[in-house]
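What follows is a single structure, written as structure tokens, with notes after it.
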Amino acid sequence: MIVGIGIDIVELERIARSIEQPRFIDRLLTESERERARGYTEERRIEFVAGRFAAKEAYAKAVGTGIARGLSWQQIEVLPDETGRPRMTAPFPGRIHVSISHSERYAVAQVIIEEGDHHVSSKLD
């Protein structure tokens, strides 16, 4: 049974401006996410950060709390699995389906939460 659905879209240009401020990255990304982002080119780093921003916002919408109402950016982590698909770990129970996609100007993410504890993700780039 589906218990929550969330979607978010973000402009890459907005994220490019935001990541110029180190505090933004420190607040948004976990240490593991920051480590991975450091290894990317500037263009790919912007896409990566924008995708994580959108995915975390989508998760917050799916659980119905929003960020800052009992949920922080640091509690949600999105890292690629061995095939490159995003895998989300988060504090609330449920089977998490996450999909992240990018275009030239936008990143979009959708999260669907089902009852259960198995995580499923997909990647479209």
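The values are calculated or read from the model by the stated rules, or taken from the named source; none is laboratory data. Note that the structure is predicted; figures quoted are calculated from it, not measured. Here the Cβ is made from the backbone with ideal geometry for all residues, glycine too, and neighbour counts use every protein chain on show.
From the residues in segment 85-116 that are of a type in the set (D, E, K, R) and part of a strand (DSSP E or B), which one is nearest to Ala16 (Cα to Cα)?
The residue in question is Arg87.
Since Ala55 meets every condition but one in (1) small (Gly, Ala, Ser); (2) in contact (Cβ under 8 Å) with a residue 24 or more places away in the chain; (3) assigned to a loop (DSSP other than H, G, I, E, B), which condition does it not meet?
(3)
Acidic (Asp, Glu), in a loop (DSSP other than H, G, I, E, B), touching a residue at least 40 places away in the same chain (Cβ under 8 Å) and touching a Ser or Thr at 6+ places or on another chain (Cβ under 9 Å) - does that describe any residue in segment 62-78?
No, segment 62-78 has no match at all.
Looking at segment 17-41, which of its residues are in a helix (DSSP H, G or I), among the polar types (S, T, N, Q) and farther than 15 Å from Gln75 by Cα?
The one that is in a helix (DSSP H, G or I), among the polar types (S, T, N, Q) and farther than 15 Å from Gln75 by Cα: Ser18.
Restricting to segment 93-107, name every residue that is more than 16 Å from the chain's Cα centre (by Cα) and either more than 21 Å from Arg14 (Cβ to Cβ) or crowded, with 17+ Cβ neighbours inside 10 Å (or both).
Matches in segment 93-107: Pro93, Gly94.
Only residues that are among the polar types (S, T, N, Q), modelled with pLDDT of 95 or more and over 13 Å from the mean Cα position of the chain (by Cα): list them for segment 1-30, please.
Across segment 1-30, the qualifying residue is only Ser18.
Results for (1) under 12 Å from the mean Cα position of the chain (by Cα); (2) at pLDDT 95 or above; (3) farther than 12 Å from Gly6 by Cβ; (4) not hydrophobic (A, V, I, L, M, F, W, C), shown as yes or no for each residue.
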| residue | (1), (2), (3), (4) |
| --- | --- |
| Lys56 | yes, yes, no, yes |
| Gln74 | yes, no, yes, yes |
| Asp81 | no, no, yes, yes |
| Pro91 | no, no, yes, yes |
